[in-house]
Amino acid sequence: MEKVVTHTGIGVPLRQSNIDTDQIIPAVYLKRITRTGFEDALFAGWRRDENFILNTEPYNKGSVLVAGPDFGTGSSREHAVWALKDYGFKAVISARFADIFRGNSGKQGLVAAEVAQSDIELIWKELENNPGTEVTVNLDARTVQCGSIVAPFQIDDYTRWRLMEGLDDIGLTLKQEADITSFEATRPAFKPQTLPARTAD
Amino acid sequence: MSTMQSPQTLAEKVWNAHVVRHGEGEGEARQPDLIYIDLHLLHEVTSPQAFEGLRLAGRKLRRPDLTIATEDHNTPTLDIDKPIADLTSRTQIFTLRDNCKEFGVRLHSLGDKEQGIVHVVGPQLGLTQPGMTVVCGDSHTSTHGAFGALAFGIGTSEVEHVMATQSLSLKPFKTMSINVEGTLKSGVTAKDIILAVIAKIGTGGGQGYVLEYRGSAIRALSMDARMTICNMSIEAGARAGMIAPDETTFEYVKGRPHAPEGDDWDAAVDYWKTLQSDEGARFDNEVFLNADELEPFVTWGTNPGQGVSLSSNVPVPEDFEDENDRKACERALTYMGLTGGTPMKEIRVDTVFLGSCTNSRMEDLRAAAEIVKGREKDPQIRMIVVPGSARVRLEAEAEGLDRIFKDFGAEWRFAGCSMCLGMNPDQLAEGERCASTSNRNFEGRQGKGGRTHLVSPLVAAATAIRGTLASPSDIANTPVSA
């Protein structure tokens, strides 16, 4: 994973709450077996509307999405994060994120910055009044800046550290393999195993 | 020693029994715990990139014997003996087959008697048991919490992590108790309970929490009904939902293919009986619901929190104090093609979908069949019945339920996720309105431009008879042939 410490890019105000992962990427795009190439799938339903914000200049060049509360609800599809990243987004700002989406973002180097809704309202106004205004997301300082607005954001310490160091989770866990093996030795005998396969017939 | 321990919730007990290594630090700075995973369920959609990741890194699948795969999201529900027509769907399914072969994973493919929706298959095989940790690259993994397991959906990066390490790095979840006391009225079901819970706490209300459903109304539910409730915990934003195991649970698990046997069974039950929230255990949040007052509940909008009692009206934007909620209401009404103030029971639907990991088990099919039996379907309505698994389909056929549905004029299909998310050919057309027993009414979820009302199997059946959203009591006087 690439390290992220700060990112600055055009902010895209998306004034809508409860943006679920079916909107971020409709299910029909989940049939692919690759991890990249999802840029066309991002908000595919909404992008058919020529007035949708990502179809307008200069927001189409945006890399910081500023959305309403409860962003990324619904399905666990990590494709939602891949689609945002493939399109060019480096950070999403919202007052509340769905847990699985937030977790997936952290694994993929997309910053999910939790900002108070009152600050988001100010940022929305700034981005709408001055299209093309850049937003800086600073993980080190845990702040987002947009014009004269500087707002703090929440992100858990562990995710922040992993993002800033660009660390791969699996590599970290495999260092604890001896602990996993000892734990396995203590598991009760009655816990089920899928193999050998048993069926009702 | 146990007397010294402070009281624990069910979720904490299961968590603590799976800690491989405690995270260092305190409070906010505390690092995640490493949690052992007892069962990893796979399906074709969220696994290919994880298998590819393993391959690229030269890593092994650590525990094929704790892993099982099924084909469900993409599979057709008609002509399953013919090649899958959609080439990208076919490729994804063939990729799963190749991967399972390469990594030694047990797979139940289309046509196999154990194939079906992953969350129906696990419990049915007896692989889901109390006190386990269960994960799957699918948000509705919360279903398995009905057994007192800690079960939750994960993204593909975490799927790869579990494949490689059989564990996950996680921060402890908060706990919320959802107390449902009282007795459900006739015609009111588990689906109505969970829709009412979501409407009450909102789609973000459960964020960061494991919900524990408790109280007399929950204890009275069958396992199928408990699975319906836990299944939709994610729709309230929760990480997981749980119900403490009891005799109903043990009875369900006993004798299933992978249930413990002999001395193992006794040891398992002894342990399972300890899996309840202790007297005095502290929850981070509590919610109360009176089962006596519940009515059939349906959604009017485009998220599962936008629901009302079936006997009330479509809301108007002015009903909402919060500006974001008002805007969300306006937008939802436009998308759904509804006018605020319209009685819910006057909404005419085109399609009825009975299926999905929420409501496709035997009890769901029986309940709907009992209502439609001998009655006439509204001629304008298309009704699709999709059993949750091939096994459920066989069982239903053995009871003659297929005959009842077919005589009624419904289509009797093969098992899979089907119209819940329209990854296979079962989709709504633009503007088509559906009463659906599934779990999500998001824009376009069941097909581009499709309009979804989430309902219970009973409401689905009654709606297919009347043509407009209806409860069983609304069709009580319609003629029944012998």
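The values are calculated or read from the model by the stated rules, or taken from the named source; none is laboratory data. The structure displayed is predicted, hence computed values, not measured ones. Reconstructed Cβ throughout: ideal geometry from the backbone, glycine too, with neighbour counts over all protein chains shown.
Would you check if residue B:355 is closer than 20 Å to residue B:381 by Cα, of a type outside the set (Asp, Glu) and over 26 Å from the mean Cα position of the chain (by Cα)? Steps first, please.
On the way: closer than 20 Å to residue B:381 by Cα: yes; of a type outside the set (Asp, Glu): yes; over 26 Å from the mean Cα position of the chain (by Cα): no.
It is false that residue B:355 is closer than 20 Å to residue B:381 by Cα, of a type outside the set (Asp, Glu) and over 26 Å from the mean Cα position of the chain (by Cα).
In the range B:233-247, how many residues are touching a helix residue (DSSP H, G or I) at 6+ places or on another chain (Cβ under 9 Å) and either surrounded by fewer than 18 Cβ atoms within 10 Å (Cβ to Cβ) or at pLDDT below 95 (or both)? Give the steps one after another, and end with the answer.
Taking the range B:233-247 and keeping what is touching a helix residue (DSSP H, G or I) at 6+ places or on another chain (Cβ under 9 Å), we get B:233-246.
Those left that are additionally either surrounded by fewer than 18 Cβ atoms within 10 Å (Cβ to Cβ) or at pLDDT below 95 (or both): B:246.
Counting residues in the range B:233-247 that are touching a helix residue (DSSP H, G or I) at 6+ places or on another chain (Cβ under 9 Å) and either surrounded by fewer than 18 Cβ atoms within 10 Å (Cβ to Cβ) or at pLDDT below 95 (or both) gives 1.
Within the range B:199-254, work out how many residues are in contact (Cβ under 8 Å) with a residue 60 or more places away in the chain, within 14 Å of chain A (Cβ to nearest Cβ) and of a type in the set (D, E, K, R).
Residues flagged as in contact (Cβ under 8 Å) with a residue 60 or more places away in the chain, within 14 Å of chain A (Cβ to nearest Cβ) and of a type in the set (D, E, K, R) within the range B:199-254 amount to 2.
Taking strands (runs of 3 or more DSSP E) that do not extend beyond the range B:50-165, which have at least 2 residues that are crowded, with 23+ Cβ neighbours inside 10 Å and facing another protein chain (nearest Cβ under 9 Å)?
Working: elements: B:67-70, B:106-108, B:133-136, B:150-153.
The strands (runs of 3 or more DSSP E) meeting that bar are B:67-70, B:150-153.
Table: residues versus (1) surrounded by fewer than 24 Cβ atoms within 10 Å (Cβ to Cβ); (2) at pLDDT 95 or above; (3) farther than 30 Å from residue B:153 by Cα; (4) not basic (Lys, Arg).
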residue: A:50; (1), (2), (3), (4): yes, yes, yes, yes
residue: A:75; (1), (2), (3), (4): no, yes, no, yes
residue: A:124; (1), (2), (3), (4): yes, yes, yes, yes
residue: A:149; (1), (2), (3), (4): yes, yes, yes, yes
residue: A:154; (1), (2), (3), (4): yes, yes, no, yes
residue: A:158; (1), (2), (3), (4): yes, no, no, yes
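Would you point out which residue out of B:292, B:266 is farther than 30 Å from residue A:189 by Cα and surrounded by fewer than 18 Cβ atoms within 10 Å (Cβ to Cβ)? Break it down into steps so the answer makes sense when it comes.
Numbers: B:266 fails: farther than 30 Å from residue A:189 by Cα.
From the options B:292, B:266, the qualifying one is B:292.
Considering only residues of the range A:171-201 that are closer than 16 Å to residue B:67 by Cβ and assigned to a helix (DSSP H, G or I), which is farthest from the other protein chains (Cβ to nearest Cβ)? Step through it out loud before you land on a result.
Quick first cut of the range A:171-201, residues closer than 16 Å to residue B:67 by Cβ only: A:180, A:184, A:187, A:191-198.
With assigned to a helix (DSSP H, G or I) added as a condition, the list becomes A:180, A:184.
Working: A:180: 6, A:184: 8 Å.
Per the stated criteria, the residue is A:184.
Select from the range B:13-49 the residues that are outside any loop (DSSP other than H, G, I, E, B) and without any contact (Cβ under 8 Å) to a residue 40 or more places away in the chain and list them in ascending order.
Across the range B:13-49, the qualifying residues are B:16, B:19, B:21, B:27, B:28, B:29.
Among the residues of the range A:33-64, how many are without any contact (Cβ under 8 Å) to a residue 24 or more places away in the chain and farther than 18 Å from residue A:14 by Cβ?
Selection size over the range A:33-64: 3.
Quick check: anything in the range B:327-342 away from every other protein chain (no Cβ under 14 Å), hydrophobic (A, V, I, L, M, F, W, C) and not in a helix (DSSP H, G or I)?
Yes, the range B:327-342 contains at least one residue that is away from every other protein chain (no Cβ under 14 Å), hydrophobic (A, V, I, L, M, F, W, C) and not in a helix (DSSP H, G or I).
In the range A:97-119, how many are more than 24 Å from residue B:159 (Cβ to Cβ) and surrounded by fewer than 24 Cβ atoms within 10 Å (Cβ to Cβ)?
Our first condition is that a residue be more than 24 Å from residue B:159 (Cβ to Cβ); within the range A:97-119, this holds for A:113-119.
Checking which are surrounded by fewer than 24 Cβ atoms within 10 Å (Cβ to Cβ) leaves us with A:114-119.
Number satisfying all stated conditions: 6.
Looking at (1) more than 13 Å from every other protein chain (Cβ to nearest Cβ); (2) of a type outside the set (Val, Ile, Thr); (3) assigned to a loop (DSSP other than H, G, I, E, B); (4) in contact (Cβ under 8 Å) with a residue 40 or more places away in the chain, find the lone condition where residue A:9 falls short.
With respect to (1) more than 13 Å from every other protein chain (Cβ to nearest Cβ); (2) of a type outside the set (Val, Ile, Thr); (3) assigned to a loop (DSSP other than H, G, I, E, B); (4) in contact (Cβ under 8 Å) with a residue 40 or more places away in the chain, residue A:9 is out only on (3).
Given the conditions (1) free of Cβ contacts under 8 Å to residues at least 12 places away in the same chain; (2) facing chain A (nearest Cβ under 10 Å), and given that residue B:6 satisfies all but one, which numbered condition is not satisfied?
If we test residue B:6 against (1) free of Cβ contacts under 8 Å to residues at least 12 places away in the same chain; (2) facing chain A (nearest Cβ under 10 Å), just (2) comes out false.
Pick from the range B:271-289 the residues that are closer than 30 Å to residue A:190 by Cβ and among the aliphatic types (A, V, I, L, M): which of them is nearest to the chain's Cα centre (by Cα)?
Across the range B:271-289, the extreme among qualifying residues is B:275.
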